[in-house]
1. Run down 90, 60, 48 and say which single residue is out of contact with any strand residue (DSSP E or B) (no Cβ under 9 Å at 6 or more places or on another chain), at pLDDT 80 or above, more than 18 Å from residue 20 (Cα to Cα) and in a loop (DSSP other than H, G, I, E, B).
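The values are calculated or read from the model by the stated rules, or taken from the named source; none is laboratory data. Quick caveat, the model's predicted, so the values are computed rather than measured. Ideal geometry is used to build each Cβ from the backbone, glycine not excepted, and the neighbour counts take in all protein chains shown.
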């Protein structure tokens with residue numbers, strides 16, 4: 001999605017969670033996870049620092065997360081190895097949303 005990243009989004013999501021984020025590059029590109037996190041920030045449903053629960057790596061990823069984040073992401077077809085085989089690193093939006101779900105801060109209904 002082509003939107004300008006807000007400073008709050010970069011600070012809360014991109015810089016700490018996204019292995020693909022590089023300061024000053026692709027500032028107008030947002031993964032689907034970033035779009036959802038931006039909505040959560042704007043609605044005050046997420047405050048940075050709430051995501052203290054680390055997801056158990058052996059716990060299966062919620063299908064709703066994969067469907068809502070990966071299924072609607074602009075990077076899915078050409079640029080996302082994670083969406084293709086689940087062996088690559090996911091985007092920062094996916095990582096943060098998995099933590100928020102795991103901590104019970106958000107529910108799957110807030111992923112759309």
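1. Details: 90 fails: more than 18 Å from residue 20 (Cα to Cα); 60 fails: at pLDDT 80 or above.
Every option except 48 fails the conditions.
For (1) closer than 16 Å to residue 103 by Cα; (2) surrounded by fewer than 14 Cβ atoms within 10 Å (Cβ to Cβ); (3) modelled with pLDDT of 85 or more; (4) touching a strand residue (DSSP E or B) at 6+ places or on another chain (Cβ under 7 Å), each residue gets a yes or a no:
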position: 3; (1), (2), (3), (4): no, yes, no, no
position: 23; (1), (2), (3), (4): no, yes, no, no
position: 34; (1), (2), (3), (4): no, no, yes, no
position: 71; (1), (2), (3), (4): no, yes, yes, no
